Amino acid sequence: MNFKVYIMPDEGYWAGGRFQFSISIPANYPHEAPKVHCDTKSYHPNLDLEGNVCLNILREEWKPILSVSAVVHGLQFLFLEPNPEDPLNKAAAEVMQQNPTQFKRNVYSSMRGGYVDGVRF
């Protein structure tokens, strides 16, 4: 039970991007949340450069009643409403909160394969 999901936002900072996620369903699903990894290097407060994803329903708020569909909707929501209050990429979250114009420039640069803070995307 391993598959890929592509999130392609049509609005927000990441509009026009294509982000690949690997989802793995554990043997004891639905009692354990799916494992999710972002395969696309992204400048995002809730995704670190290793592809780890910070989404509350993948951690402490997982309940067996939730579905893979809920996870995919949660991933979509991360691109519409990123949460700088619960970051994995603390530097991106700080820029987002303190200088939204620079954050937008950083996202734009990262989506075009540029450098942000010395990291090539």
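The values are calculated or read from the model by the stated rules, or taken from the named source; none is laboratory data. Since we're looking at a predicted model, the values are computed, not measured. So basically every Cβ, Gly included, is an ideal-geometry build from the backbone, and we count neighbours across all protein chains shown. With ligands, DNA and RNA removed, areas are computed over all heavy atoms of the protein, side chains included. Shrake-Rupley method; radii C 1.70, N 1.55, O 1.52, S 1.80 Å.
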Quiz item: GluC sites (Glu not before Pro) within region 4-97: which are DSSP loop residues with at most 14 other Cβ atoms inside 10 Å?
Solution: E11, E32, E50, E60, E61, E85
Quiz prompt | Selection from L78, I7, N99 lying farthest towards where the dipole of region 2-121 points positive, charges on Cβ | solution = I7
Exercise. Output ³J(HN,Hα) for region 24-31: one whole-Hz value per residue in order, computed from phi by the Karplus curve 6.51 cos²θ - 1.76 cosθ + 1.60 with θ = phi - 60°, and x for Gly and Pro.
Key: 10, 8, x, 4, 9, 5, x, 7
Exercise. Please give the solvent-accessible surface of K63 in Å², to the nearest 10, using a probe radius of 1.4 Å with every protein chain present.
Key: 110
Self-check item: Carbon/sulfur fraction of accessible area - the chain, other protein chains in place, 1.4 Å, %
Solution: 52
Quiz item: Of H31, H73, which has the most accessible area with a 1.4 Å probe, and how do the rest follow in descending order?
Solution: H31, H73
Practice problem: Sort largest first and round to whole Å: the equivalent ellipsoid semi-axes of the chain, each the square root of five times a Cα gyration tensor eigenvalue. | Solution: 26, 14, 12
Self-check item: DSSP H segments from the chain that extend 15 Å or more along their own axis, Cα-based, with Kyte-Doolittle mean of 1.0 or above
Solution: 68-80
Practice problem: May I ask you to compute the full-extension gain from Q97 to D10, defined as 0.36 nm times their residue separation minus their alpha-carbon distance, rounded to one decimal in nm? | Solution: 29.1 nm
Quiz item: Among residues other than D117 whose Cβ falls under 14 Å from its Cβ, what is the net charge (Lys/Arg +1, Asp/Glu -1)?
Solution: +2
